[in-house]
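One structure is given here, and the rest of the page talks about it.
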Amino acid sequence: MADQKRLKVYFDGGCRPNPGSIEVAAVLRGTAHVRTDLGSGTNGDAEWLALIHALEVAQASGDTEFDLLGDSRSVIEQANGRAKAASPADRKHLERFRQLAEANPPARVRWIKREQNLAGIALNARHPR
C-alpha cells in the first residue's frame, strides 16, 4: 500500500519532572488517545511506552497497514533494529514492542520533526504555559 494510504499514528511521551509521572499520547485520525496511568519513569521510558501505546491503538483500529510516527530518534532506531538497546530498561521495552508487533506489525516506524508530531502537540496542550 502506498505511504499516503497507510494509516498514520503519531506518538509521543514525556514525564514531568524527569524522572517523574509518565504521560503518553497516540494520535489516530485526529483523535488523541492519552494515558496518564503508566506510573513513574524517565523520558526514555515515556517514549517507549508511547510507541507501545501507539502500536496498541493502531492494532485496535482494525487497520492492517499503518505507520508509527514519532520524534524520539533513539527509540525509533532501536525499534527498527538499527541501534542496540541503550539500557536494560530499553531492552525490556523493545522486547515488549516486538512481542506486540508479531500479531500485526507496523509497515514503518519513522522519525518526524517535533513540530510535526501531533501527539506531542496534544501532550503540550495539556500543560498550557
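The values are calculated or read from the model by the stated rules, or taken from the named source; none is laboratory data. In this text the structure is predicted, and so the values were computed from the model without any measurement. Cβ atoms come from the backbone with ideal geometry, glycine included; neighbour counts cover every protein chain shown. Heads up: the accessible areas ignore ligands, DNA and RNA and are worked out on the full protein's heavy atoms, side chains in. Shrake-Rupley method; radii C 1.70, N 1.55, O 1.52, S 1.80 Å.
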Exercise. Can you name every residue in the stretch 73-110 that is under 23 Å from residue 32 (Cα atoms) and either without any contact (Cβ under 8 Å) to a residue 24 or more places away in the chain or touching a strand residue (DSSP E or B) at 6+ places or on another chain (Cβ under 7 Å) (or both)?
Worked result: 73, 76, 79, 105, 106, 107, 108, 109, 110
Problem set entry | Only one of 13, 41, 20 that is within 18 Å of residue 115 (Cβ to Cβ) and either open to solvent by less than 60 Å² (accessible area, probe 1.4 Å) or among the hydrophobic types (A, V, I, L, M, F, W, C) (or both) | 13
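Can you tell me which residue in the stretch 115-128 is most open to solvent (accessible area, probe 1.4 Å), limited to those that are touching a strand residue (DSSP E or B) at 6+ places or on another chain (Cβ under 6 Å) and part of a helix (DSSP H, G or I)? Give the derivation first.
Residues of the stretch 115-128 that are touching a strand residue (DSSP E or B) at 6+ places or on another chain (Cβ under 6 Å), as a first pass: 117-120, 122-123.
Narrowing the set further to residues that are part of a helix (DSSP H, G or I) leaves 118-120, 122-123.
On the way: 118: 75, 119: 0, 120: 2, 122: 25, 123: 8 Å².
The selected residue is 118.
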For this session: May I ask you to verify whether residue 36 is touching a residue at least 12 places away in the same chain (Cβ under 8 Å) and either among the charged types (D, E, K, R) or in contact with a Pro (Cβ under 6 Å, 6 or more places away or on another chain) (or both)?
Result: no
Problem set entry | Residue selected from the stretch 44-72 under the condition in contact (Cβ under 8 Å) with a residue 40 or more places away in the chain and among the acidic types (Asp, Glu), by the criterion surrounded by the most Cβ atoms within 10 Å (Cβ to Cβ) | 45
For this session: Take residue 127 and decide whether it is within 22 Å of residue 19 (Cβ to Cβ) and more than 13 Å from the chain's Cα centre (by Cα).
Result: yes
Exercise. For the stretch 111-129, which residues satisfy the criterion of being within 15 Å of residue 32 (Cβ to Cβ) and either of a type in the set (A, V, I, L, M) or touching an Asp or Glu at 6+ places or on another chain (Cβ under 6 Å) (or both)?
Worked result: 117, 118, 119, 120, 121, 122, 123, 125
For this session: Output the number of residues of the stretch 111-120 satisfying the condition of being more than 17 Å from residue 7 (Cα to Cα) and in contact (Cβ under 8 Å) with a residue 24 or more places away in the chain.
Result: 3
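Any chance you could count how many residues in the stretch 51-72 are in contact with a strand residue (DSSP E or B) (Cβ under 7 Å, 6 or more places away or on another chain) and closer than 15 Å to residue 29 by Cβ? Lay out the reasoning, then the answer.
Pass one, the stretch 51-72, residues in contact with a strand residue (DSSP E or B) (Cβ under 7 Å, 6 or more places away or on another chain): 51, 53-55, 57-58, 61, 63, 65-71.
Cutting the leftovers down to closer than 15 Å to residue 29 by Cβ gives us 54, 57-58, 61, 63, 65-69.
So the count comes out to 10.
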